[in-house]
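Let me give you the structure first, and then I'll get to my questions.
Each value in this text was obtained by applying a stated rule to the coordinates, not by laboratory testing. Since we're looking at a predicted model, the values are computed, not measured. FYI the Cβ positions are ideal-geometry reconstructions off the backbone, even for glycines, and counts take in every protein chain you see.
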Amino acid sequence: MFIRSIAVAGFLALLFATLFATRTTALAQGAEEMRCRSMLDGQVAWDQAGNTAWQPENIAALCAGATDADARVACFEAGIAEHNDWSRAIAECAANDGAAAMPVETAPSEDRTAEPANSEEMRCRTMLDGQVAWSQQGDTAWQPDNIEALCAGTTDADARIACFRAGIADHNDWSRAIADCVADDSARAPQPESGPVAPTPQPEPTTGDTSAPADDPETALCKTMIQGNIPMSMPNGSTNWDDASLDRLCRGSVNAMETLKCFIEALGNGGGTPRSTDQAIDICRAR
């Protein structure tokens, strides 16, 4: 027991030294993302008609991961000035982390809600729900908004879907995969009459409220520090955490570093037998 405690203490010292820079960087990035979110609703127009009432999902999609709020918002405004397509502007600016589009002289886009979709776009829409997984857990129940977002403007349904599948296999982030694949194909999503509706994830089946809460900054920081760095079990557990376990440990964390420290110590102090991942999570969740 004494030897295990020494080993855990040594591991913690080495780990905290490595993660200190990660925490500092993540906190700075989180601050820019939050600042970006505060700059949009009622202030920035999402079309050339001057509409400034944003839906929360679109604010989250545009600002996700921003390291420079001013650049991200400027990129979006340049995109609207160029092509008047909020969905395309969100996808391009999120993918390029705020690299502003080069505006060109063009007449404001006409309302495209009445335009018929091309045949490849229609074929793409029929190939997703119940057939293509949007996560590495194999979930295939798609929300209509996500189908629209992925297939919008495609001229090659097979290539668009193959791109999405490759993205899920690579990073398991449906929102990023949609944005990347749409941006790579220079696609244009149709403009809805009632304002933009960005893709929203299909939640796991639950009882009661099925909407997944957005990560607050400390929860997001906790996940960033743990995923890929902290083993799930002792002594040689995998550092590739499943989303459910990672969320259960970090959701509502008051101090990400304390949650991390508690989990590592809980794993190694099981009275002679290392605790299981679930036991350690139960002890340390939302610290």
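Using label points projected 7 Å from each Cα along Cα→Cβ, tell me how many nm separate Thr52 and Asn96, to one decimal.
Placing both labels 7 Å along Cα→Cβ, they lie 2.5 nm apart.
Place a +1 charge on the Cβ of each Lys and Arg in the stretch 30-96 and a -1 charge on the Cβ of each Asp and Glu, then give the dipole magnitude about the Cα centre in debye, rounded to the nearest 20.
Computed charge dipole of the stretch 30-96: roughly 100 debye.
Would you list Ile90, Ile264 from fewest to most Cβ contacts within 10 Å?
Fewest-to-most Cβ neighbours within 10 Å comes out as Ile264, Ile90.
Counting Lys and Arg as +1 and Asp and Glu as -1, what is the net charge of the other residues whose Cβ lies under 10 Å from the Cβ of Gly79?
Values: positive: Arg88; negative: Glu77, Glu82, Asp85, Glu92.
Result for the local shell: -3.
If the chain between Gln136 and Asp173 were fully stretched, how many nm would it gain, using 0.36 nm times the residue separation less the Cα-Cα distance? Please list the in-between numbers first.
On the way: separation 37, 0.36 × 37 = 13.32 nm, distance 0.90 nm.
12.4 nm is the gain from fully extending Gln136 to Asp173.
Find the percent of Cα-Cα distances in the stretch 119-184 that exceed 18 Å, and round it to a whole number. Intermediate values should be presented prior to the final figure.
Values: 492 of 2145 pairs.
Tail of P(r) above 18 Å: 23 percent of Cα pairs.
For the pair Arg248/Arg165, report the inter-label distance in nm, with labels modelled 7 Å from Cα in the Cβ direction.
Rounded to a tenth, the inter-label distance reads 3.1 nm.
Along the three principal axes, how long is the stretch 30-96 when you take its alpha carbons, biggest first, rounded to the nearest angstrom?
So the three principal-axis extents are 31, 23, 18 Å.
What size of dipole, in debye to the nearest 20, comes out for the stretch 119-184 about its Cα centre when the only charges are +1 on Lys and Arg C-beta atoms and -1 on Asp and Glu C-beta atoms? The partial results should precede the final answer.
Details: 5 positive and 12 negative charges, 21 e Å.
The calculated dipole for the stretch 119-184 is roughly 100 debye.
I've got another one for you. Under a point spin-label approximation (7 Å from Cα along Cα-to-Cβ), what is the Asp158-Asn240 distance to one decimal in nm?
Distance between label points: 2.9 nm.
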